[in-house]
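Shown next, in structure tokens, is the structure this report addresses.
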Amino acid sequence: MAENNRRQPIVAVLGHVDHGKTSVLDYIRSLGQDRQSSVMAREAGGITQHIGATEVPARLLNEFCSPLMGGKEFLSPGLLFIDTPGHHSFSTLRTRGGSLADIAILVIDLMEGCQPQTLESIRILKNAKTPFVVCANKVDRIHGWRSVNGRSAAEAMNDQDSYAIGLFEQKFWHLVGQFGEQGFNLDMYNKISDFTQNIPLVPCSAKEGEGMQDLLATTIGLAEKFLDEQLSDVDGASEGTVLEMKEERGLGKTLDVILYRGQISKGDEIVVATNQGPVVTRVRGLFRPRGMAEMRDAGDRWDAIETVEAAAGLKLAAPDLEGVLAGTTLRILPEDAGLRQQAIDATEDESEISIKLDEEEGIVIKADTLGGLEALAFELHNLDNPIPIRSAGIGPVNKRDLRGAENAADPLQRVILAFSTSVQTETAEELEKEDCEVEYIGSDIIYHILEQFETWTENRKIELEEEKREKIVYPGKIKILADHIFRRSGPAVVGVRILGGRLHIGQRLLTIDGNNVGQIKSIRTGDTSHKEAKQGEEVAIAIKGATVGRGIDEEDILLVDVPASHARRLRKLELTSSEQEILDELTALHRSENHFWGR
């Protein structure tokens, strides 16, 4: 049975949205529920819910996986599955030494293969050097596949006809290719002799419970084989990772924490990292959810506890938790004065956010947690042309971030990149203004942020080049095509025909009544970007500041506006008849407001 000098491995479950992460966790939670008819039965060795985690004891694992174990039993006391909300990326789950998770299960919909969040998870697992198992989920959706609830993957594979196996193998080899592109060798879990060289894939149906015993047996087997030292490290300083700070009714400000080493008790003195530096406080209360309440819906159903041992998820109440940074380390302060000071110093380092900043130049980056911020900074610093960072912070984008970005001398650095975090309302309003010079790019996927940043940089370079040459703005007239609304706002993307004149990136558009519509940010045909489009062409354009359905709509005619100084110069040039007509129309519009426009 389990040895006392080991803690259970901490397992993260990752994957693209809708690929079945929740179904896998739900199935794991349901193990042995029929044995849990009362609280007493559960506490006597059933599954327990922690804060942000689910613990499956060794007794249940041994029982569930026994058909595959040949009489052997697991060394570990169980598995602790991290169960953070969907918007938290794996990069938030960290310790000072690297990843908070000892091992990961990467859930992939076998029918869809690797998607953007899958690839992001693979890259982060690779950077964190975290071993992982691939759960090839939804195998029951293969045409002709016969599923039997609860049986092993090996039995399932042997029970299929050649047609279903052929379809499975097509999907399997497609995944092998996708993992090969990321530098990993993927193979069937039961065909691997060297787990240091290959990533195991287990065919599963979380819905039917098929292959789940193989998945758990492979996960715990890998952990015990490669993480012996890690799992036996139970005597060091007591530490945990802060998942998030919350206001709980009746408890005040609380922290959700995964304790990964040592123990914590009510009354212990702790040090936490805040945006103002380290704060020393005392634990006023420790809590876990009552019964099998789903963590994020536990409400006020909390059970107070006196002490907790790693690995565990817990809720902690204490004074002075304002501004605690998610993703940082919570340390229980020892009595020894020297060790105590070491813990405070280490927390101070985290409060200062250890990201290399360039004081004179660079962009602004924000994220919801320290791990997320470090992951974004890592990617920016490792690009072929590294991007300097002038300011990095945790939490929502605020006015200070906006002012910092505005002050960048280089217009290509007037940008805020935000990973998995929000924007304060007033700041969002400023960012949306027509004359705002700062570009905001935010996403829950780092690689989407980098792609958008690259596109924006390219387009901005073109704009700046044009501004430098002070190229004359020619008049133009366009029509928004019916059934060609690709995006309604932020920016609006519509298909248009150039009725006359020409269209250029950076130009402003007006309605035929003279109302300002917005600025052209890009011109595309298919996957190709263009600087300009001419009479007769049909292109897709992105218009910053416009909203389809509010001011513009399908089949509307819009005019390319011309600055007054350019209008004077245009009259001296030889224009086409359509350009001359449009210029006359613009002149009439502007002179209804300003009699001297363009004179």
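The values are calculated or read from the model by the stated rules, or taken from the named source; none is laboratory data. Note that the structure is predicted; figures quoted are calculated from it, not measured. Heads up, the Cβs are rebuilt from the backbone with ideal geometry, glycines too, and the neighbour counts pull from every protein chain shown.
For Asp297, are the conditions met, namely being modelled with pLDDT of 75 or more and surrounded by fewer than 20 Cβ atoms within 10 Å (Cβ to Cβ)? Break it down stepwise before answering.
Numbers: modelled with pLDDT of 75 or more: no; surrounded by fewer than 20 Cβ atoms within 10 Å (Cβ to Cβ): yes.
Criteria not met by Asp297.
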| Based on what the data block shows, is Arg524 surrounded by fewer than 17 Cβ atoms within 10 Å (Cβ to Cβ) and either on the phi > 0 side of the Ramachandran plot or at pLDDT 90 or above (or both)? | yes
| task | For the stretch 129-155, enumerate the residues that are in a helix (DSSP H, G or I), within 26 Å of Lys225 (Cα to Cα) and touching a Cys at 6+ places or on another chain (Cβ under 9 Å). | result | Ala153
| If you check every pair at least six apart or on different chains, which have Cβ atoms under 9 Å apart with a residue in the stretch 132-160 that is acidic (Asp, Glu) first and a residue that is assigned to a loop (DSSP other than H, G, I, E, B) second? | Asp140/Arg146; Asp140/Ser147; Asp140/Lys207; Asp140/Glu208; Glu155/Val148; Asp159/Arg146; Asp159/Val148; Asp159/Arg151
| field | Count of the stretch 104-120 residues which are buried (at least 24 other Cβ atoms within 10 Å of the Cβ) and over 12 Å from His19 (Cα atoms) | value | 2
| task | Would you point out the residue of the stretch 543-573, among those that are hydrophobic (A, V, I, L, M, F, W, C), within 22 Å of Leu464 (Cα to Cα) and in a strand (DSSP E or B), that is nearest to the chain's Cα centre (by Cα)? | result | Ile543
| remark: Given the conditions (1) surrounded by 21 or more Cβ atoms within 10 Å (Cβ to Cβ); (2) closer than 30 Å to Ala428 by Cβ; (3) not β-branched (Val, Ile, Thr), every one holds for Arg550 apart from (1)
| field | Residue list for the stretch 206-216, filter: more than 13 Å from Glu155 (Cα to Cα) and either among the basic types (Lys, Arg) or buried (at least 23 other Cβ atoms within 10 Å of the Cβ) (or both) | value | Ala206, Lys207, Leu215, Leu216
| Would you call Ala367 outside the structural domain of Glu437 (by TED's automatic domain parsing) and of a type in the set (Gly, Ala, Ser)? | no
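Being more than 35 Å from the chain's Cα centre (by Cα) and hydroxyl-bearing (Ser, Thr, Tyr) is true for just one of Ser489, Ser529, Ser578, Ser522. Which residue is that? So that I can check it myself, show each step before the final result.
Values: Ser489 fails: more than 35 Å from the chain's Cα centre (by Cα); Ser529 fails: more than 35 Å from the chain's Cα centre (by Cα); Ser522 fails: more than 35 Å from the chain's Cα centre (by Cα).
Sole residue among the options that is more than 35 Å from the chain's Cα centre (by Cα) and hydroxyl-bearing (Ser, Thr, Tyr): Ser578.
When you look at Asp228, is it free of Cβ contacts under 8 Å to residues at least 24 places away in the same chain and outside the structural domain of Trp302 (by TED's automatic domain parsing), yes or no?
Working: free of Cβ contacts under 8 Å to residues at least 24 places away in the same chain: yes; outside the structural domain of Trp302 (by TED's automatic domain parsing): yes.
So Asp228 fits the description; yes.
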| request: Within the stretch 384-403, identify whether any single residue is touching a helix residue (DSSP H, G or I) at 6+ places or on another chain (Cβ under 8 Å), at pLDDT 90 or above, part of a loop (DSSP other than H, G, I, E, B) and not assigned by TED's automatic domain parsing to the domain that holds Ile441, and answer yes or no. | output: no
| task | State whether the residues of the stretch 97-109 include one that is part of a helix (DSSP H, G or I) and at pLDDT below 95. | result | no
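Among the residues that make up the stretch 202-214, is at least one of them of a type in the set (A, V, I, L, M) and assigned to a helix (DSSP H, G or I)?
yes
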| query | In the stretch 514-542, which residue that is in contact (Cβ under 8 Å) with a residue 12 or more places away in the chain and not in a strand (DSSP E or B) is nearest to Asp435 (Cα to Cα)? | reply | Asn515
| said: Take the residues in the stretch 350-373 that are modelled with pLDDT under 85 and part of a helix (DSSP H, G or I); name whichever of them is farthest from Gly236 (Cα to Cα). | reply: Gly372
| Answer from Lys315, Lys356 - the residue that is basic (Lys, Arg) and surrounded by 21 or more Cβ atoms within 10 Å (Cβ to Cβ) | Lys315
